[in-house]
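The values are calculated or read from the model by the stated rules, or taken from the named source; none is laboratory data. A quick note: this is a predicted structure, and the numbers were derived from the prediction, not measured. Virtual Cβ from ideal backbone geometry, glycine too; neighbours counted across all protein chains shown.
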Amino acid sequence: MHIPDGFLDAKTALAAGVLSAAGLAVALRRVRRTFPPRRVPLIGLAAAFVFAAQMLNFPVVGGTSGHLIGAVLAAVLLGAGAAVLVMSSVLILQCFMFADGGLTALGANLFNMALVAPVAGYGVYRLVRRLAGHSLRGRLLAAGFAAWCSTVAAAVACAGQLALSGTVAWRVALLAMAGVHMLIGVGEALITALVVAAVARARPELLHEPDRSDGWRRHADVAVYGLVVALGLVVFVAPFASPWPDGLQRVAASLGFAPRAAPPLLPSPFARSLVPGLGAGAAPTVVAGCAGTAIAFGIAYLTARLLTPGEGAGARRAAGGDATRA
């Protein structure tokens, strides 16, 4: 669903960029004020896993493929604010280093997949959990349905941007984008539910707010192991990802606006997952994917670390506030 350069006009791209910047600022402020510093390594892990998972396109129907967005998965594990940070880190990296999504469309891609998908999806998740109960079955139902809704919501937002730009009529864009992403959303729902189920079995504490005994070192260990798993997905699975076009590419081709796509405005070192000197085959995909996974981890982790004070600083700040009130 990454919009390339050329699909959006200037006013739509600018409006989406302003809204995305405002939403990201709110999310960063929320992470700074409320996110437990001991859980910061998990933000890096989520970014690495989402980046790796987005390389694993799965076939849908009619020569169309889809891939995990991962917004609801990140929100279920970390909360909506941290999920916005995770998705923004991944999308910015993909744009500048992999030419996946146009530079002029970066604001629109952030709005669709880093704001609409996690925020709307997390809202649905909280509502369904309240209705379905707090059992594991209720959690999985909520996560899967929310993931499906987040995919469709992001696709509808993308359709609106295309229509506002005059690229394609609103009704046509809505039916085409929502239709194909309802199918892709089924894969998103299944993958999200399976990952949440695996986390619930292996590390159930990650699905709950940790107590004071759940220290930074424990989460750091989980992040390291998770990063190894994400790299393993890139090495062993990414070379076999479906080569079929994704939902937006298929819609653009079928509705006749694919030729509007413009070449990237900036050179990207890993455009189309190619690495100079490695030729064709699986090797460049693996090298580019591993590099991107590690960089995604670093960007998200360092951003979160800069935003959140240490436990000692947070405790001193809270104590100072209590003393002032006293």
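Miscellaneous remarks
- Exactly one residue among GLY23, GLY62 is in contact (Cβ under 8 Å) with a residue 24 or more places away in the chain, farther than 23 Å from VAL234 by Cα, not in a helix (DSSP H, G or I) and not hydrophobic (A, V, I, L, M, F, W, C), and that residue is GLY62.
- Residue check: GLN161 meets all listed conditions (1) closer than 25 Å to ASP9 by Cβ; (2) surrounded by fewer than 22 Cβ atoms within 10 Å (Cβ to Cβ) but one, namely (2).
- Odd one out for GLY256 among (1) at pLDDT 85 or above; (2) of a type outside the set (Ser, Thr, Tyr); (3) closer than 22 Å to ASN57 by Cβ: (3)
- Among residues of the range 65-87, those that are within 23 Å of LEU127 (Cα to Cα) and either part of a loop (DSSP other than H, G, I, E, B) or of a type in the set (Gly, Ala, Ser) (or both), counted: 11
- Residue in the range 90-128 that is surrounded by the most Cβ atoms within 10 Å (Cβ to Cβ), counting only those that are among the small types (Gly, Ala, Ser) and in contact with a Gly (Cβ under 9 Å, 6 or more places away or on another chain): ALA117
- Applying the criterion of being of a type in the set (Gly, Ala, Ser) and in a loop (DSSP other than H, G, I, E, B) to the residues of the range 239-257, the residue that is farthest from the chain's Cα centre (by Cα) is GLY256.
- Residue among ALA16, ALA83 that alone is within 18 Å of the chain's Cα centre (by Cα), free of Cβ contacts under 8 Å to residues at least 60 places away in the same chain, buried (at least 22 other Cβ atoms within 10 Å of the Cβ) and farther than 19 Å from GLY247 by Cα: ALA83
- In summary, helices (runs of 4 or more DSSP H) completely within the range 88-170 and bearing 1 or more residues that are out of contact with any Leu (no Cβ under 8 Å at 6 or more places or on another chain) and more than 17 Å from MET1 (Cα to Cα) occur at 117-132, 136-164.
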